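A quick write-up on the structure given underneath.
Each value in this text was obtained by applying a stated rule to the coordinates, not by laboratory testing. Just so it is clear, the structure is predicted and the values come from calculations on it, not from any experiment. Every residue, glycine among them, receives a Cβ derived from its backbone with ideal geometry; neighbour counts consider all protein chains shown.
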Protein chains: 2
Amino acid sequence: MATTTEANALGYNLKVDYVIHYSFGDSDQAQAIAQLEKLLRTLANAGLECEVRQGDETSLLVFVRASKKRLNRAVYRSRVRDWLYGIRNAEPEPASSIEPQNEGERLRVINHMITLPTEEGGAGITPNHGEWKNVTGLLPLHDEETNKKWLHEWSQKTFLSEEDLDQIRDKFGESVGFYFAFLQSYFRFLIFPAVFGFSCWFLLGGYSVVYTLVNSLWGIVFVEYWKRKEVDLSCRWQTKGVSAVETKRREFKPEKEIRDEGTGEMRGVFPATKRMQRQLLQIPFALLSAIGLGVIIATCFAIEIFIAELYSGPLKSYLVFIPTILLSALVPTMSAVLVSVATKLNDYENHETDETYDSALTQKVFVINFITSYLPILLTAFVYVPFASHIVPHLDIFRLTIRPFVSDEHATSADCSHFKIDPHRLRNQVIYFTVTAQIVGFAMETIVPYIKQHALREYKEYNKKKNGKSENNGDKDSPERSPIMTYDDPLEEKEFLKRVRNEVELPEYKVTDDLREMCIQFGYLALFSPTWPLVPLSFFINNWIELRSDFFKICMEFRRPTPLRCDTIGPWLDTLGFLSWVGSITSAALLYMFCGDNQLGPNGEPTDIKGWALLLVIFFSEHLYLIIRYAVQTAMNRLEPPNARKERGERYLMRKRYLESTLKAEANEGTEKEDLVSEVPPELTRSALEEDARRNSGHSADPAERFWMRQRGWTESAKVGAGIIQAQPTKGNAKKQQ
Amino acid sequence: MATTTEANALGYNLKVDYVIHYSFGDSDQAQAIAQLEKLLRTLANAGLECEVRQGDETSLLVFVRASKKRLNRAVYRSRVRDWLYGIRNAEPEPASSIEPQNEGERLRVINHMITLPTEEGGAGITPNHGEWKNVTGLLPLHDEETNKKWLHEWSQKTFLSEEDLDQIRDKFGESVGFYFAFLQSYFRFLIFPAVFGFSCWFLLGGYSVVYTLVNSLWGIVFVEYWKRKEVDLSCRWQTKGVSAVETKRREFKPEKEIRDEGTGEMRGVFPATKRMQRQLLQIPFALLSAIGLGVIIATCFAIEIFIAELYSGPLKSYLVFIPTILLSALVPTMSAVLVSVATKLNDYENHETDETYDSALTQKVFVINFITSYLPILLTAFVYVPFASHIVPHLDIFRLTIRPFVSDEHATSADCSHFKIDPHRLRNQVIYFTVTAQIVGFAMETIVPYIKQHALREYKEYNKKKNGKSENNGDKDSPERSPIMTYDDPLEEKEFLKRVRNEVELPEYKVTDDLREMCIQFGYLALFSPTWPLVPLSFFINNWIELRSDFFKICMEFRRPTPLRCDTIGPWLDTLGFLSWVGSITSAALLYMFCGDNQLGPNGEPTDIKGWALLLVIFFSEHLYLIIRYAVQTAMNRLEPPNARKERGERYLMRKRYLESTLKAEANEGTEKEDLVSEVPPELTRSALEEDARRNSGHSADPAERFWMRQRGWTESAKVGAGIIQAQPTKGNAKKQQ
């Protein structure tokens, strides 16, 4: 009985909201103690309770929970801010009766209480930065029981429901929620091309016009659907317009301080023109990336062709692996170098807010990703196949490099004239990237880290035991080994603290990496799937696993992400649109070049490719794509997503109530001023007419007043009007008179 | 002395806000009188004073002015609505202290008082519609003196200032203001290409690469600049987001009534999918227009070529005018038919709001305009020049048609083999459309109506006099001529009423026609100006006049427009973008085809045009255009227009004040709860430790509470933490120990 209670309590993480990882390894003890004291005082002042426990040898764990009263007040403040920024429609109820809506909001608000600057009502603790550089981590704890329950449930169903997505959002915040919603929508949308692609493959084979058209149309519809879905979700999750609330980057270096004319406050500014000049560096960077990666890929490619199709010397069966090994070694290295350059460039651009910084970095990284992912296939399709017969003879230079190692006889036995283009090369490459590479990616991203992590823990455990023993044995060889390695935790907290220590060591989860993976995958579908119509089927199966494995990954291999709000998948949305556009060009070109009607020449190259026809096909395909996209966009804009309609309805009701109350106030006020509208006309007696005349002759009044006083009240006007009408021989009267 | 006062008063229109034109010609007298009475009662109930005067034979003039109190209340209501829709930042001050900001707002609000449905606080009078079909007009009166003053001022300066634009907006409302602001921006932007184009023309002649590139870039920058300018103006004029307030179309026919789930109200709906199906009719319509107009234009074109370049029979000097006459007669007729079809289609689409209706109609009309404006030049450039030698021989069919009229000898004297392409044809055509047609357009649009109007008035005057005389002469031949033709107006109102009667007869001004004219003009610049780089210079001169003549036109030839708010030039903005895009294609193609390097063949046709090269040039040009446009858009988005910054500053201040007051309220409340943060630690005496042990052993508390009670207050936590830190042999300590 007691154990189950304890298990539950552990499941609820002993009501811990956040764990602060406090490292003191780098600073001297007195300073570390002073810092710790400051940290705890600051937290207490912000209304947060603390408990301190030992972390590892050089760190402490500070457990934090928020007091109910202060939390509610922070929630209220956060909602008022939302209301002022137009994210919420209604003004929030007073602080006393407010509650965080869900775990996500609770954690987000507490995170703000800890990290926001003091002038915005937070404690101003900035992990890894400035005076708080000892604070190396700030993380909520995983809710393991729920995670396990969900993993089990999801493995038994195909689609996640809206409620499942809501739950993810409640646990991990909107940004992770948006990723899973995207993945789920994408997965659901893949059903159609998977089935259709399979049919086309079965009936028509590759390079079918029908499949290409349908695939392109599907891409447009999916991207536009997702745009609507984003609006829908942001209404459902009440984050619409949340990107308006920008968070200032801590690393932003203002060039000068100016007094804002509008607000009268001092404000650090960095001229936009100067930033733009710096951003121009992106152009050489993109060129550099293209050349750097392009040269590596093209060279490996050339070597591969040379070895596989020209070379027939010794060791061929081993040599064929050289290009693959080179590629696997060089491309990731080069990518890493380029990504670090991109990050430096991005830092140099000195963005003012986190949002613009992230989006600028995403763009730069996407350029690198685009090249590494698609260039190999593009080279095969648009360089190797049409121009191989011109290029291959030049590959002889490789012969020179191997001449020192092999006998002349072998080297010359290779003969260019026998060279034949491998007609399946393109398809095989597409299959490699859309099936093999996906499986390898899954293994590298989910399984390998999991095994590594467990191995590392085992190793540490083993080490600790060994040290403990050697300590007992009086071994003096390792004086720096701490004697407290076997932490003297209270017995009932042992399990819990062990788990927390493990979680603290995990890396932070970045949702953008997973989104990138999906966008690149979408790119293969848009750009190259006409080559092998089974691509969507492969992705459909892959993504069923991906969705579960990503959740598993977040739960097991990463710290629990701090909930972040967002109303879009951000720059990746543009990327999807861009890829689908490029797809309209490449698909058309592939179709024209490799469609069955083209005769293959003696070398296996398509002979009757005509430049003008290829360009014409591309021109038409691209513009057809743009027109259809415009039409689909227009149509989609007309269909209002259900949650957006609901939100609009609420807004409308709120406005109506307000306006009605205004009108009512007027009506009450209006009862007293009936003097204007008197239904009883003043009699048009002789005396009244005389008075009129008197008024008219009174030249003292100004002409406008004389004009307006000629008829008193609407009844008199009506009489005068009736007089004029009756005086006119209208058509009806004229007829009667005749 | 008295006359000047009167003149001033006349200038101020005797404080009349609106004139309602009430026609009773079509209904019988009793009904007309009842209707009039109802109208006047309704107006009086809405807080409007009335005066009735005679209009012409079958109409009355009802003069309306708003009482100050009711007007202020309506202004308040309008501002509250704006505030609820997020158009204004601050909640408006109470109704008693509010004043209309300018004449534009005053007239707009009074217009709403008259026309808005009763449930929204108006009088519900809907001119020309339903029960109010006798009300045939609702117009404010021109402020002639100010108009004259401005016309005089503007004729003496080159650029209008921001204040001039503000004044236009104050008089005629934001929609006219936006048109003039656009015209002014466009005019100012034209300086650069005018100068640059002149230099290029002087130094390089036509078809210069430099000019084409600069022109294209200029187009991009101008369109993007205008987008920013629109935001700036809408902030300056406080109309940002005004398009969110949609006005329901009166003609909208709901298919069924449903209860809105969100608001609980009955609401007429028309399914969006059904509307979309109806909108698909646009495709056959566009094809029909293209074919209809295309056939007419191409035929006239062919006849022209035949007569001018092949035919050498008799009457040639007269026959050359045939195609021009045919074109001038047929194209406007066909256009008119197509526009009426477009209007019917648009009605059939059953749009819910005025905004969507207008924008859909604009799109349809633009298709027609595009064809009539640009097709002739496109035909010359891309059909006549490259394919003339294939087509011209087929023009012999015209010979058959003229055979009956001329002798055989003459007819056969024309010889196809001698045919030579006129190399200047394209340039001459561009000159015609960009100079001659602009002048003719100006005359047709401004001068001719003015003369016509005056002539008509003279004629009426003359007629009236004659009738008056014949009346006096006792002529009984015209019994339906009214005896009151010489209106018995009060002497001092004579001039004023005459002017009002004239204004009532004027047509309504539609800003969209003028905007269309400018967009079409921009199209010539974007699409064809490489042919003749003086195009921008011609437009620059033309637009100086255009700006003044349009103002003159609005003042003299149209009713004063009722102020309408808007925050954009609407669908025309997309049109500008579209034209500049198409320009990137046509410019590149023209450049490649007619650039000096191309040899002319024996027939005068360019010989070495290669299909693939042309398409490649187009492909590169278009994508270069798109990339540059993306870059310019990104750059422009970073630069915040001054008024937008100001508006953001105001919004920020408003939020800050509110949040600060929230924080202050909390701080006041917070003074009492210092119990959490006690600086004095409870002494760690023996008894305290014993108490700790007791607490820990108390298994009745749940584990979470036990966890959180282990350390009391932050000071105890700090002590525990310090203990752990000191126990660790940190690097520093380890070194000291050594």
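General remarks:
- Under 5 Å between amide hydrogens, built in the peptide plane, is the criterion, and for A:THR353 it picks out A:ARG249 among residues at least 5 positions away or on other chains.
- Exam field: B:GLU119 pseudo-label spacings to other copies (7 Å along Cα-Cβ), nanometres: 4.8
- Measuring against 26 Å, Cα to Cα, the residue pairs A:LYS148/A:LYS498; A:LYS494/B:LYS719; A:LYS229/B:LYS646; B:LYS344/B:LYS510; A:LYS464/A:LYS510; A:LYS510/B:LYS664 contain A:LYS229/B:LYS646; A:LYS464/A:LYS510; A:LYS510/B:LYS664 as the ones spanning a longer distance.
- Under the convention that each Lys and Arg Cβ holds +1 and each Asp and Glu Cβ holds -1, the size of the dipole of the stretch A:210-354 around its Cα centre is about 140 debye.
- Note: relative contact order over the stretch A:13-141, using C-alpha pairs below 8 Å and six or more positions apart, is 32 percent.
- Counting other Cβ atoms within 10 Å as a rough exposure proxy, the listed residues B:LYS719, B:LYS465 run B:LYS465, B:LYS719 from fewest neighbours to most.
- Among the GluC sites (Glu not before Pro) in the stretch B:220-297, those placed in a DSSP loop whose Cβ has at most 14 other Cβ atoms within 10 Å are B:GLU246, B:GLU251, B:GLU255, B:GLU261, B:GLU265.
- For B:LEU456, B:LEU14, A:LEU626, order by how many other beta-carbon atoms lie within 10 Å, fewest first: B:LEU456, A:LEU626, B:LEU14
- In a simple Cβ point-charge model (Lys, Arg +1; Asp, Glu -1; nothing else charged), the stretch A:13-141 has a dipole of about 460 debye relative to its Cα centre.
- Charge tally for B:SER155 (other residues, Cβ to Cβ under 12 Å; Lys, Arg +1; Asp, Glu -1): +3.
- Among the trypsin sites (Lys or Arg not before Pro) found in the stretch B:117-187, those both in a DSSP coil and sparsely packed, with 16 or fewer other Cβ atoms within 10 Å of their Cβ, are B:LYS133, B:LYS157.
- Placing a label point 7 Å from Cα along the Cα-to-Cβ direction at B:MET444 gives distances to the equivalent points in the other copies of 6.7 nm, listed shortest first.
- Remark: label point of A:PHE387 defined 7 Å out from Cα along the Cα-Cβ vector; separations to the same position in other copies 3.4 nm, ascending.
- Whether the stretch B:187-316 is rounded, prolate or oblate, judged on the alpha carbon gyration tensor where a/c under 1.5 counts as rounded: oblate
- Each Cα pair under 8 Å and six or more residues apart adds its separation to the average, and for the stretch B:493-598 the resulting relative contact order is 47 percent.
- Between the beta carbons of A:ASN102 and A:LEU203, assuming R0 = 35 Å, the FRET efficiency works out to 0.10 to the nearest 0.05.
- Annotation for the stretch A:130-201: chymotrypsin sites (Phe, Trp or Tyr not before Pro) lying in DSSP loop with at most 14 further Cβ atoms inside 10 Å of their Cβ are A:PHE159.
- Förster radius 25 Å - calculated FRET efficiency between A:ALA90 and A:GLU119 (Cβ-Cβ, nearest 0.05): 0.40
- Going from the fewest other Cβ atoms within 10 Å to the most, the residues A:MET518, B:MET266, B:MET636 appear in the order B:MET266, B:MET636, A:MET518.
- Cβ-Cβ FRET estimate between B:GLU131 and B:ARG657, R0 fixed at 45 Å, reported to 0.05: 0.40
- Separation in nanometres of the label points that stand 7 Å from Cα toward Cβ, at A:GLU461 and B:VAL448: 9.5 nm
- For the stretch A:13-141, the square roots of the Cα gyration tensor eigenvalues, ordered a ≥ b ≥ c, give a/c of at least 1.5 with a/b greater than b/c, which places it in the prolate category.
- Whether the stretch B:494-648 is rounded, prolate or oblate, judged on the alpha carbon gyration tensor where a/c under 1.5 counts as rounded: oblate
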